[in-house]
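Enquirer: Questions regarding the structure given below will be posed in turn.
Readers should treat all values here as calculations from the given coordinates under stated rules, not as data from a laboratory. Computed from a predicted model, the values in this text were never measured in an experiment. All Cβ positions, even for glycine, are placed from backbone atoms using ideal geometry, and neighbour counts span all protein chains on display.
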C-alpha cells in the first residue's frame with residue numbers, strides 16, 4: 001500500500017463516521033471495524049486519557065476483558081501514550097514492564113491518538129500469535145487513527 005493509497009478499511013472508517021462526532025459511538029464502531037477486518041486478534045479497542053487521574057481508562061473495545069486503568073509509561077499502551085509513538089511488539093513477553101491484561105496475548109500494536117496538542121488516548125490491538133503485525137499493518141493503523149481524529153471534536 002503506497003502512502004497515497006488508502007486501504008479499504010480506512011475508506012470504510014471515514015464513511016462510517018461521516019458527520020458523526022460522538023466520541024464513544026465512533027470508537028465503538030472503529031473497534032468493531034478493526035475486529036471485523038483483521039484476523040487472528042483477541043482484542044481491538046481504545047484507552048482514553050483521564051487527566052484528573054493521570055491514567056488511561058478502558059474505552060470501547062471488541063474482545064476479551066481488559067485492564068481498566070493503565071498509567072502513562074506502563075506497558076506497551078502506557079509507553080506508546082507517553083512517547084507519542086506507535087509501538088509494534090512481536091513478543092509482548094519480552095517488552096520491559098509488559099502488563100498482562102490477557103495472558104493469551106502474544107503480540108501487540110499500539111498507536112497514540114492526539115488532536116492538536118490534546119492527548120486523547122491510544123488504539124490498542126492484541127493477537128494470540130507472536131509477530132502478528134506487519135509494517136504494512138502499522139502504516140494502515142497510523143492512517144486509521146489520523147482518519148479517526150478527523151471525526152473527534
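Enquirer: Helix-derived [θ] at 222 nm for the chain: sum -39500 (n - 2.57) over DSSP H runs of at least 4, divide by residue count, nearest 500?
Expert: My calculation for the chain gives -10000 deg cm²/dmol from helical runs alone.
Enquirer: Here's something else I'd like to know. Quick one: which of 13-19, 147-153, 44-50, 74-80 comes out on top by average Cβ neighbours within 10 Å, and what's the full order, highest first?
Expert: Descending packing order for the listed peptides: 74-80, 44-50, 147-153, 13-19.
Enquirer: What does the C-alpha gyration tensor say about the overall shape of the stretch 39-102? Classify as rounded when a/c is under 1.5, otherwise prolate if a/b is larger than b/c, or oblate.
Expert: Cα axes put the stretch 39-102 in the oblate bin.
Enquirer: Another question, if that's okay. Could you pull the Rg and Dmax for the stretch 12-78, using just the Cα atoms, both in Å?
Expert: Over the stretch 12-78's Cα set, Rg and Dmax evaluate to 13.0, 36 Å.
Enquirer: What relative contact order, as a whole-number percentage, does the chain give when Cα pairs under 8 Å and 6 or more residues apart are counted?
Expert: 25 percent
Enquirer: For the stretch 64-128, restrict the atom set to alpha-carbon positions and state the Rg and Dmax in Å.
Expert: 11.3, 35
Enquirer: Okay, next question. In whole angstrom, how far apart do the alpha carbon centroids of the stretch 113-153 and the stretch 50-71 sit?
Expert: 15 Å
Enquirer: Taking the alpha-carbon set of the stretch 90-153, what are its Rg and Dmax in Å?
Expert: My reading of the Cα-based Rg and Dmax gives 13.2, 37 Å.
Enquirer: So what does log10 I(q)/I(0) come out to for the chain at q = 0.10, 0.15, 0.19 Å⁻¹, using the Debye formula with one equal point on every Cα and no solvent?
Expert: -0.30, -0.71, -1.19
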